[in-house]
Structure formats: structure tokens, C-alpha cells
Amino acid sequence: MKKAVPVIIIIVLFFASFLQLKAGSLIAKPVIIDKKGEPRITLKEVVVLESQANYKMNIYAVVNNIDILDGDREFKISSQVDLSKSLANWIEISRGVIQLLPGEEKSVDLEIKIGPKAEAGIYHAKISFFEGSTREEAEARKQGPSVLVNLEISDNSQEGARLKKFSAERPIFFKMPVAFSFRLENEENKPLPLDGRVMIYNRRGEEVAVLPINKEGGVASWEGPEQKLLLANLGETGGGFGRYKAILRLSYGAKRTLIQDTVFFWVIPWPIAVVFILILTALIGSIVYAFYKLYNQRSYDQIE
């Protein structure tokens, strides 16, 4: 039953406009304009005004949104209205006086410039043409035909994101915790829900830690085009010396689309690192000493 309400109201508005059009001394055509579009595009139409009076008429166009449940809504300036849902604010038509001589017919250009953040849905507006010596007088009299504008905006946006980089903060960690960062490109201009985790495996393929991206829970979201998140201080891996593998799994958008990537890193605790450095230093020293001794021996042989 609820679906029938908009249809009934549109039918009532149609016949009301038609009877008003015929009864007065001014005709506006067409009575109804039906359009479909997408954000950021411009739709063009022409409204024809025909005078049936025997005097010169001064006509002013007035645009209002129509709420199919509550009736007309007054046109508001952009700072007072949600521009993502206001068809009246997208309609551009001459707001100056339109003069018609007796029996004259005149075309008036109409443009619907759909806002960049327009939300999907069906919107209605009414363009009324009132007669008066001034705009104030015309709007006060509110006598004249109207053109009903119906606009359907479809939701053609596709959620999209691309993982540009996932890496450990450094290739070798000497102590816990470990840290990672990733760079994700949001290909849409709207907030993109995001959730995920980093799973860490040791050299034997055993899972030693699961690091949530959102430690407080919930879903992170942002508006594009690009964002970098640092996953720092995410806890102990529970492992010691060795090579580890980290797998990033992200899910984004309403469809929970999955993105995955893998990086490798080493964990070398400080005691082992110190021993390794001492051994490496001794080895390098031995090699240098051997070359030095060999060089001196050759020099001595050449002298003799």
C-alpha cells in the first residue's frame, strides 16, 4: 500500500497542474518532465510558455522541492539544505522576469545540474510560473501553471580499492613488538568501510600472532584517494630468532571484498645479534689481517 502513495500523489499533481493550466491565461508545456541521470552530469530541457491573455504578462519562475508525503517544500539556499538530496537546488532556470505579449509563445531553457554528491533515489520538484508586476507580488499571488520534474538517480558507483604497498617497518627486528604499514588506494570518493588483520607465522609455518588493524573494534573508514595506516606496537609474536612471514588480509566495502599480501622479516634478539656482530667483526678482522700479512710478505719477497 505504501508504494501506491507516491503514484497517487503524482497523478493528483498531474491533474491539478493540467486543470490549472487550462483554466488560467497562461499555459506551460510539458506538464511533466521525467529524467534519469547520474551525479555530475547536466540534463537539458525546454519549457514552453504560451500566453492566452490580451495584455502583456510578467511571469516569474519559482522552484520548490516536492515531498511526496508532505507536499511542497520551500526552496532553500545551499547553506540551509542537504545538496545531496535537493532537486530544486540542481534546477537552473531564468529567475528574472519573463515577458509575454498577447498570444505569444516563448521557450525557456531549463538545466538540471546534478550535484557531485547526489544520492541515489527518486526526487521531485515543481516549477511554477506566477504572474505579477514584481517577483514579490507574483510569489504572493501564487497563481499560474506548474511543471512537475521527476528525476531518478541510479547508484552506479562501484566500491574499489587497491593495495599499493604492504611492508614491515624494517627487515630485521631486534626486539618485540613488530610493526607494519600498508598503503591502500581508495578509488571512490565516498567513505569505504575497512577491516582486517595481520597474521604472523614462524619458520615452521605455525601461526604465532594475529594482529587486528582496528584494536578497538568496529570498522575504519575514510574518503579517498589514499591512506596510510601504521600498525605499530601490536604485541609480542611469541617467537624467538628466525625468519617470519606476515600475511595482511583486508576486507572493505559492503560486499567485504578481500585483499591479501605477504611480507617476510627477521627477528634477531639483541643477545644473538651482539654475538653475531662479534663473530662477524672477528671474521672481517681475520680476513683483513690475512690480506695485510699476505701483502707484507709479497713486499718483503720483492725487496730480496
So which residues in segment 161-207 are assigned to a loop (DSSP other than H, G, I, E, B), touching a Lys or Arg at 6+ places or on another chain (Cβ under 9 Å) and modelled with pLDDT of 80 or more, if there are any at all? ASN202, ARG203, GLY205
Can we say LYS245 is at pLDDT 75 or above, under 30 Å from GLY160 (Cα atoms), surrounded by 10 or more Cβ atoms within 10 Å (Cβ to Cβ) and under 56 Å from the mean Cα position of the chain (by Cα)? yes
For a quick check of your reading of the model, give me the residue pairs whose first member lies in segment 271-288 and is outside any helix (DSSP H, G or I), whose second is at pLDDT 75 or above and not small (Gly, Ala, Ser), with beta-carbon atoms closer than 7 Å and at least 6 apart or on different chains. none
Give LEU87, LEU110, LEU151 a once-over and let me know the one that is hydrophobic (A, V, I, L, M, F, W, C), surrounded by 13 or more Cβ atoms within 10 Å (Cβ to Cβ) and farther than 16 Å from VAL46 by Cα. LEU87
Do we have ALA125 as buried (at least 21 other Cβ atoms within 10 Å of the Cβ), at pLDDT 85 or above and over 25 Å from ALA254 (Cα atoms) here? yes
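The values are calculated or read from the model by the stated rules, or taken from the named source; none is laboratory data. Predicted, not measured: the structure shown is a model, and the values here were computed from it. When we count neighbours, we look across all protein chains shown, and the Cβ atoms used for this are built from the backbone with ideal geometry, even at glycine.
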